[in-house]
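One structure is given here, and the rest of the page talks about it.
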Amino acid sequence: MTADGKIATANRAVTSFGSARDREHLLGLRATADAVMAGARTVDSAAINLGPGPAKFRRSRLKKGLMEYNLRVIVSGSGSLNPDAEVFKHHFSPILILTTGRISKTKLRQLQAIADEVKICGGREINFRTAFCWLREKWGVKRLLCEGGGELNDALFRAGLVDELHLTICPKIFGGRNAPAIADGRGFRRLAEALPLQIKSFRRIGNEVFAVFRRVPQR
Ligand SMILES: NC(=O)c1ccc[n+]([C@@H]2O[C@H](COP(=O)([O-])OP(=O)(O)OC[C@H]3O[C@@H](n4cnc5c(N)ncnc54)[C@H](OP(=O)(O)O)[C@@H]3O)[C@@H](O)[C@H]2O)c1
């Protein structure tokens, strides 16, 4: 994110702005996860494939006993996801879509034709606890990396399902009331509800800060 907490510009033209080191960090994180997850607007808005990247990361996965290619999970509550998005053109690992009962029959059929599985997890809202149990039981997902965007991040924070937050702070300001931020969506309303985090690590590399926060264990 930028120094003002934004993950894209307000017109969404700029969505990638970290250094090469940050990109390596992202791929390094993917190499520790059984599955990589993103929201529909993130998948629609850039040519991303959510895959493990170069061979060295795939080798590192195999050494850890993970599948060579991570699973890919896309969240689209109403099924508004673009079926022509870049991610569907890469066939190296299963693509699973999480949706809700709000999806129309036509959209459901459309997405079923391009994904390996479309799972309805909830009536109007996705129940991520149910979704993650399903991912674990059916697809063996023990560690999941969520790459945003802000709306999806917010839902996971509110559901209390985030163990660690890896933040790269880039020395830029995007500004803009409508620029996506690290946690958009509904948010918390009261200070007492805010998600408490602890700093796990904090490092300056070059002109960026690499921070890791972890959830405060509940008593
Ligand atoms: N700088 C970075 O590292 C970074 C990382 C990720 C994303 N981004 C940028 O952030 C922007 C996207 O962020 P965003 O917040 O607008 O969108 P997002 O979270 O990627 O996707 C939002 C969509 O995902 C689905 N969704 C998310 N949470 C849901 C929930 N709880 N229940 C049901 N469906 C849910 C909905 O799809 P339906 O409409 O189908 O219901 C919703 O419209 C893009 O510009 C992207 O490039 C930047």
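The helix-only estimate of mean residue ellipticity at 222 nm for the chain, built from DSSP H runs of length n ≥ 4 each weighted as -39500 (n - 2.57), is -7500 deg cm²/dmol after division by the residue total. Estimated at 0.36 nm per residue, the fully extended path between Ala13 and Cys133 surpasses their Cα-Cα distance by 39.6 nm. Number of Lys-Lys pairs in the chain with C-alpha atoms under 16 Å apart and a separation of 8 or more places or on different chains: 6. Ignoring ligands, DNA and RNA, what percent of the 1.4 Å accessible area of region 54-190 is carbon and sulfur? Reported share for carbon and sulfur atoms: 49 percent. Computed extension length for Asn82-His166: 27.5 nm, one decimal, from 0.36 nm per residue of separation with the Cα-Cα distance subtracted. Per residue, the solvent-accessible area of the chain (1.4 Å probe, heavy atoms of protein chains only, all protein chains present) comes to 57 Å². Look at the dipole of the chain built from charges on Cβ: of Gly28, Met1, Val118, the Cα furthest out on the positive end belongs to Gly28. Rg over Rh for the chain works out to 0.94, both radii taken from alpha-carbon positions and Rh defined as the Kirkwood radius.
Applying 1/(1 + (r/R0)^6) with R0 = 22 Å to the Cβ-Cβ distance of Leu195 and Glu125 gives a FRET efficiency near 0.75.
If R0 is 22 Å, the Cβ-Cβ spacing of Ile205 and Leu62 corresponds to a FRET efficiency of close to 0.25.
The values are calculated or read from the model by the stated rules, or taken from the named source; none is laboratory data. Treat the numbers as computed from the prediction; the structure is a model and nothing was measured. Every residue, glycine among them, receives a Cβ derived from its backbone with ideal geometry; neighbour counts consider all protein chains shown. For accessibility, only protein heavy atoms count, side chains too; no ligands or nucleic acids. Shrake-Rupley method; radii C 1.70, N 1.55, O 1.52, S 1.80 Å.
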